[in-house]
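As structure tokens, the structure follows; a few thoughts come after it.
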Amino acid sequence: MISPDKKMDLLMSLCKRRGFVYADSDIYGGFANAWDYGPYGTELKNNIRDAWWKRFVHGREDMVGVDTPVVQNPKIWEASGHLATFSDPLVDCKKCRRRFRADHLMEAAGATVMSNIKCTACAGDLTEIKNFNLMFKTFVGVTEDTSSVAYLRPETAAGMFTTWKDIRDGMRKKLPFGIAQVGKAFRNEITPGQFIFRTREFEQMEIEYFVKPDDSERAFEVWLNEMKGWVNDVLKLDPSHVVYHEIADADRAFYSKRTIDVEYHYPFGQKELYGLANRTDYDLSQHQKFSNEDLRWFDAETGERYLPYVIEPSWGLSRTVLAVLCEHLDIDEADTSVGAHGDAPTTEPRMVLRLPPRLAPVKAAVLPLQKKDGLSELGRELAQKIRSAGIVVEYDESGSIGKRYRRQDEIGTPWCFTLDYTSKEDGTVTVRDRDAMTQERVKMDEIVAWINNKLS
Ligand code: ATP
């Protein structure tokens, strides 16, 4: 059995080598806890984002999508409570100066108070807890004074509350309905780390689902099932790797009627992947108070006016990328026969990314067995036909066929199409399935339909 640390090391080296994730600003010595998504990482992330948007926005009658700025009117953060309370408890080690989140230390020690907890690195004494606000501050305009202070949004959710009034008035929706957004969020995390799990800049996919207050418990259950469906059917995470953690009354935000953290068994431990909360009418009532606008819903049937409750399912996009990579990376330690770079043999075990085809960065690879006798031209022609149909395809003619298959396995390509001399005669190619390892012959003319059929 491969150790969790070794698995993370192999995953991170694969991500760098194969163009999924690079250390950011590497040529300048790097920038702590910032990462660049490389060509395949970008495709994977976009595919997850697009599958989410299709499923939860385009796929539903009761949903609309928005795209709001990262820097908005700072009053929003006063109203939402982020200015006053969006902080993490921070402690420093008096001896080695390391910095920790007090809640993480308590959780690891199974303690409810900090007394007797020491630095986990050097056993030194820790300072008193200080609350550290996680919002990044900036200045808008040319003067850098208090009147120009603004913040980078720490979550995308605020944009759904600032657009609520326009959508309520102009989009002809009926309760219950939701507003969705995908975008960047920024938090000056005290202890970022674990690769792309916790970074200071990250992406979220969030929904604020507005309901009649007495309908909120039902809607919460519906969204819990929607989140399960996403995790099981789209990401294909093994259900035994996912925990739906009901947050106890005492540990919930004061305004939340119910909260569930969706946790995933990452190699470094069981950690939050997503969150689902019944936020009651807290946000709308705060924004109503601070903006002096009437944000209530008017129910034309009953003549009632009220502030809807909000169910908030919140998905971290970057954390999803990591969970999907951890889940579907298959490591065969016994097989080190082919160099992982596709050249000289190494001692790296064989790795296959068994990504769900819909999420895979590259759907198909076209690989002629020979470059000569017109196979190269035929292969390029086939690749272009697939590309023109909007399917991401790679053409590769260099190196042994075994090494080319391994390279495609490492980036998760589900199907490789191999051309040989028979292809010239009868217009067929061999399809190699990444997971089943089966080989069948398919007509070149039918490949686009074949792939689309598999993807649907
Ligand atoms: P954590 O307890 O891990 O700090 P949180 O409870 O503060 O997370 P939320 O405020 O509920 O997180 O944010 C919603 C989602 O956004 C999280 O479930 C997670 O997927 C994602 N997320 C939050 N912070 C980060 C981060 N620093 N890096 C990457 N993703 C994040």
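Quick note: the coordinates plus some simple rules give every number you see, no bench work behind them. All of these numbers come straight from a predicted model, not from anything done at the bench. Glycine also receives a Cβ, built like all others from the backbone with ideal geometry; neighbour counts cover every protein chain displayed.
In degrees, nearest 10, range 0 to 90: what is the angle between the Cα axis of helix 375-388 and the longest Cα principal axis of the chain?
30 degrees
Where does each of 139-152, 412-425 land if you order them by average Cβ count within 10 Å, highest first?
Taking the mean over residues of other Cβ atoms within 10 Å, the ranking is 412-425, 139-152.
At what distance in angstrom do the alpha carbon centres of the stretch 375-407 and the stretch 27-102 lie from each other?
If you average the Cα positions of each part, the centres end up 36 Å apart.
From the helices alone, meaning DSSP H stretches of at least four residues, give me the mean residue ellipticity at 222 nm for the chain, per-run term -39500 (n - 2.57), in deg cm²/dmol to the nearest 500.
For the chain, the value works out to -8500 deg cm²/dmol.
How charged is the neighbourhood of P74? Take every other residue with its Cβ under 11 Å from the Cβ of P74, and add Lys/Arg as +1 and Asp/Glu as -1.
Computed value for this residue: +2.
Can you order the peptides 96-104, 431-439, 10-18, 243-251 by their average number of other Cβ atoms within 10 Å per residue, highest first?
10-18, 96-104, 431-439, 243-251
From the P(r) of the stretch 115-253, could you give the percentage of C-alpha pairs in the tail past 20 Å?
70 percent
Any idea what log10 I(q)/I(0) is at q = 0.11 Å⁻¹ for the chain, Debye with uniform C-alpha scatterers and no solvent?
Computed log10 I(q)/I(0) values: -1.00.
Can you give the convex hull volume of the alpha carbon atoms of the stretch 87-141 per residue, in Å³?
89 Å³
Please give the peptides 186-194, 348-356, 384-392 ranked by average Cβ packing (other Cβ atoms within 10 Å per residue), highest first, as a rough proxy for protection.
348-356, 186-194, 384-392
Provide the per-residue ³J(HN,Hα) series for the stretch 120-135, in order, calculated from phi with Karplus coefficients 6.51, -1.76, 1.60 and θ = phi - 60°, each as a whole number of Hz, with x at glycine and proline positions.
Taking θ as phi minus 60°, the curve returns 6, 8, 10, 6, x, 6, 9, 6, 5, 5, 10, 8, 10, 6, 8, 7 Hz for the stretch 120-135.
Starting at the first residue of the stretch 41-55, write each ³J(HN,Hα) from the Karplus equation 6.51 cos²θ - 1.76 cosθ + 1.60 with θ = phi - 60°, in whole Hz, x for Gly and Pro.
Listing the rounded values in order: x, 5, 4, 4, 4, 4, 5, 5, 4, 5, 5, 5, 5, 4, 6 Hz.
In degrees from 0 to 90, rounded to the nearest 10, what is the angle of the helix 4-17 Cα long axis to the longest principal axis of the chain?
70 degrees
About its Cα centre, what dipole magnitude does the stretch 362-455 give when the only charges are +1 on Lys and Arg Cβ and -1 on Asp and Glu Cβ, stated in debye to the nearest 20?
240 debye
Count the DSSP beta bridges whose two residues both fall in the stretch 362-455, then state the antiparallel fraction as a percent rounded to the nearest 5.
Roughly 55 percent of the DSSP beta bridges within the stretch 362-455 come out antiparallel.
Hey, which aspartates and glutamates would be in cross-link range of K94, C-alpha to C-alpha under 13 Å, not counting anything within fewer than 8 residues on its own chain?
Straight-line reach from K94, under 13 Å: D125, E128.
Tell me the Kirkwood hydrodynamic radius of the stretch 49-156 in angstroms, computed as one over the mean inverse distance between distinct C-alpha pairs.
Computed over Cα pairs of the stretch 49-156, the Kirkwood hydrodynamic radius comes out at 17.5 Å.
May I ask you to evaluate 6.51 cos²θ - 1.76 cosθ + 1.60, the Karplus curve with θ = phi - 60°, for each residue of the stretch 321-327 and list the ³J(HN,Hα) values in order in whole Hz, giving x for glycine and proline?
Karplus-based 3J(HN,Hα) across the stretch 321-327 equals 4, 5, 4, 5, 5, 5, 5 Hz.
Please determine, in degrees from 0 to 90 and to the nearest 10, the orientation of helix 401-411 with respect to the longest principal axis defined by the Cα atoms of the chain, where the helix direction is its Cα long axis.
Here the helix axis deviates by roughly 10 degrees.
What's the Kirkwood radius of the stretch 38-91 in Å, using all Cα pairs?
14.7 Å
Quick check: Cα centre of the stretch 219-248 to Cα centre of the stretch 131-189, how many Å?
Between the Cα centres of the stretch 219-248 and the stretch 131-189 lies a distance of 26 Å.
Considering the alpha-carbon set of the stretch 356-399 alone, what are its Rg and its Dmax in angstrom?
Reported Rg and Dmax, both Å: 11.2, 36.
Mind listing the long-range amide H neighbours of M63? Cut-off is under 5 Å, sequence gap 5 or more, other chains count too, H placed in the peptide plane at 1.01 Å from N.
Amide H to amide H, under 5 Å and 5 or more residues apart or across chains, M63 pairs with G178.
Note the direction-averaged projected area, equal to a quarter of the hull surface, for the Cα convex hull of the stretch 362-455, in nm².
Computing the convex hull of the Cα atoms and averaging its projections yields 5.3 nm².
Please get the size of the charge dipole for the chain, origin at its Cα centre, with Cβ charges of +1 on Lys and Arg and -1 on Asp and Glu, quoted in debye to the nearest 20.
620 debye
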